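Coordinate-derived values only; no laboratory data. Fair warning: this is a prediction, and the values are worked out from it, not measured in the lab. Note: ideal-geometry Cβ built from the backbone for every residue, glycine included; neighbour counts use all protein chains shown.
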Amino acid sequence: MGDWREIKPAKRTEKIKYAIRDIVVLAKEVEKTGKEMLYLNIGDPNIYDFETPKFLIDRTIEAMNNNRNGYAPSSGIQEAVDAIRTESILKGFKSVHDIFVTTGASEAIDIALTALLDPGDQFLLPAPTYPLYNTIINKLNAETKYYYLDENNNWEPDLDDIESKITEKTKGILIINPNNPTGTNYSEKSLKGVLDIAKKHNLLIFSDEIYEKLLFDNGKHISLATLDGEAPIITFNGLSKSHMVPGFRIGWGIVTGAKEVVCGYNEAMQKLVRARLSANHPEQYAIKPALLDQNQPHFAEMLEKLTVRRDITFKRLNEIKGVSLVKPQGAFYAFAKLDLDVDDTTFCNNLLKETGVVVVPGSGFGQVPGTNHFRVVFLPNEEILLKAYDQIESFIKKHY
């Protein structure tokens, strides 16, 4: 090695874990043995039997052919920003201060957290939650404080627990609605309760609404920004899930609230937005038709498939002794409880190695201490789901 010494990674990377992808490392090792794999871990519709609506592909190709292949405006092309604003107003947003288009909703989340948190600051996340948030907070040397969702109340936020977790260092709170990983579509009562707590403690609210269009049983979604025009709220959304284009990497953030409250923070986010140049340019031309075109039959087709698969998942998992599941109301996830003498990471790893069924341990999303869960993605077709649930049932009968 000569005079070279080992390069030491930054300490900020030590706590970074991402359970959804981390379990794939083990899965790939098992796959090499020739075992049939049943992947129920990644929320990507396109790797299953869902296809991107053709009109979005056509619109993007048209933009490419029109040489929209250079840098876009940092906050997004005007057509896309206007469409997001128009849809927000149609949904009933009481105020829209600003909009920024990003490389997926993930980049919007990263920008919003980076502009808010200094080392030592605290941010409230639901447990269970989408693990990206904690990953970014760790990267910023800030601190995650978890509040619990109540499994006995359809996974609605526990408002008393939220209140108990707030300190003088708390800067903001996240809601994910509909929720990943539980599939819950929050009630108006819960949303108003979160707003009341945020106002009392002067907290910025993040509202992740990426699954708002994927609701079952004629459910209605309530965007948090439709309930209060003064509260500082960043609403995250995008095309990845609802329009089956996760590879387009198109998302956005919507800044709402009283101008004098959000303007300084918004300018900090805009500095970061300008510094990274722009999101994908031609794909931004898919935003207007995706949000404003009336003829989108893919929604009905997608929800019809997902409803059948949700119902199979709910029925089969609740039939397995030692497993219970609250019925998901939206998205395409199920967060099943394990009432077995085993922790969820050991359960999921052993299940994977023995059966090839890939699910994600609940500890990767956060959960009430002393409980164990696993997350299922019910995007695969009925045959795959039934085979996977049969394998889970056989595995539990054999070992527990």
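Considering only Asn69, Ala334, Ile234, the residue lying farthest towards the positive end of the dipole of the chain is Asn69, judged by Cα position with unit charges set on Cβ.
Straight-line reach from Lys94: taking Cα to Cα under 28 Å and skipping same-chain neighbours fewer than 8 places apart, the lysines in range are Lys171, Lys189, Lys192, Lys199, Lys200, Lys213, Lys220, Lys241, Lys259, Lys271, Lys288. For segment 263-344, applying the loop criterion from DSSP together with a ceiling of 16 other beta carbons within 10 Å to the GluC sites (Glu not before Pro) yields no site.
Beta bridges assigned by DSSP with both partners in the chain are antiparallel in approximately 55 percent of cases. Within segment 36-110, the chymotrypsin sites (Phe, Trp or Tyr not before Pro) that combine a DSSP coil assignment with at most 13 other C-beta atoms in a 10 angstrom radius are Tyr71. The HN-Hα couplings worked out from phi for segment 220-230 by the Karplus form 6.51 cos²θ - 1.76 cosθ + 1.60 (θ = phi - 60°) are 10, 9, 10, 6, 4, 6, 7, 9, 7, x, 9 Hz, whole numbers, x standing for Gly and Pro.
As a proxy for reagent exposure, ranking Ser95, Ser190, Ser164, Ser324 by other Cβ atoms within 10 Å from fewest up yields Ser164, Ser324, Ser95, Ser190. Against the chain, whose longest principal axis is taken from its Cα atoms, helix 259-275 shows a tilt of about 80°.
Relative to its residue count, segment 1-126 spans a Cα convex hull of 295 Å³ per residue. Give me the angle, in degrees from 0 to 90, between the Cα long axis of helix 382-399 and the longest principal axis of the Cα atoms of the chain, rounded to the nearest 10. Helix 382-399 sits roughly 50 degrees off the main axis of the chain. Annotation note: GluC sites (Glu not before Pro) in segment 147-201 located in DSSP loop regions with a Cβ neighbour count of at most 16 within 10 Å are Glu168.
Summarised as an ellipsoid, segment 323-397 has semi-axes of 18, 16, 10 Å, derived from the eigenvalues of the Cα gyration tensor scaled by 5 and square-rooted, with the largest first. An ellipsoid equivalent to segment 54-292, defined through the eigenvalues of its Cα gyration tensor, has semi-axes of 29, 20, 16 Å when rounded to whole angstrom and sorted largest first. Relative to the longest principal axis of the Cα atoms of the chain, the long axis of helix 188-201 lies at roughly 60 degrees.
Partner lysines whose Cα lies under 24 Å from the Cα of Lys387, excluding those fewer than 8 positions away in the same chain, are identified as Lys28, Lys32, Lys35, Lys305, Lys315, Lys321, Lys327, Lys337, Lys353, Lys397, Lys398.
Give the aspartates and glutamates reachable from Lys54 as a straight Cα distance under 18 Å; neighbours fewer than 8 places away on the same chain don't count. Straight-distance partners of Lys54: Asp44, Glu62, Glu283, Asp293, Glu301.
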